[in-house]
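Step one of this worksheet: look at the structure below.
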Amino acid sequence: MSEPTKSPTHYRLLSTLRAIGPYLREAQSTDSLYIFDCLSVCVNDKKSPEQREFWGWWLELEKNEDLFEARYRTGLYDVTGEWQEKALPKKAVEDVTRTQEAFHQKLLETLEKEFAIPVEMHKESVEFV
């Protein structure tokens, strides 16, 4: 006999999403929108840590009825702590893609296993680079 699926309350979702990895931005997330990001490649590691910028991705995961819509974007995480949607340099593409695909696979598996909720790509989401 299979285990009953848990109800996806906001707090259960936060706990589950937090366990996927260090990507959840809990303070920016709400009951229906969960924010994630990943700083994949340092632009210049010779700068002091507080002055570093990174190439990477961010995700807005929006809960709509009985599914989630994933809107990924890629770009630069600047020195002010803000994301700028920019084209990735060729040397960063492989690492950004690897981290994004690995995270997305974990996200799909976790939400299906824990809550039986599918994830669809939002029409405005960037393709994996």
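The values are calculated or read from the model by the stated rules, or taken from the named source; none is laboratory data. Everything numeric here is computed off the predicted structure, so don't read it as measured data. No Cβ is skipped: glycine too gets one built from the backbone with ideal geometry, and neighbour counts run over all protein chains shown. The protein model used for the area step is the full one, side chains on, heavy atoms only, and it has no ligands, DNA or RNA in it. Shrake-Rupley method; radii C 1.70, N 1.55, O 1.52, S 1.80 Å.
List of remarks:
- Exactly one residue out of Ala87, Ala102, Ala70 is under 15 Å from the mean Cα position of the chain (by Cα), open to solvent by 20 Å² or more (accessible area, probe 1.4 Å) and either of a type outside the set (Asp, Glu) or more than 15 Å from Ser40 (Cβ to Cβ) (or both): that is Ala102.
- Filtered residues of the range 57-77 (kept if more than 10 Å from Val126 (Cβ to Cβ), of a type in the set (D, E, K, R) and out of contact with any Lys or Arg (no Cβ under 6 Å at 6 or more places or on another chain)): Glu62, Lys63, Glu65, Asp66, Glu69
- So Thr16, is it of a type in the set (Val, Ile, Thr), within 21 Å of Glu124 (Cβ to Cβ) and surrounded by 15 or more Cβ atoms within 10 Å (Cβ to Cβ): no
- The set of residues in the range 42-67 being closer than 30 Å to His10 by Cβ and open to solvent by 60 Å² or more (accessible area, probe 1.4 Å) consists of Glu62, Glu65, Asp66.
- Checked against the criterion of being more than 14 Å from the chain's Cα centre (by Cα), farther than 21 Å from Leu88 by Cβ and among the β-branched types (Val, Ile, Thr), the range 25-32 contains one or more residues that satisfy it.
- Within the range 119-129, considering residues that are surrounded by 12 or more Cβ atoms within 10 Å (Cβ to Cβ) and assigned to a loop (DSSP other than H, G, I, E, B), the one modelled with the highest pLDDT: His122
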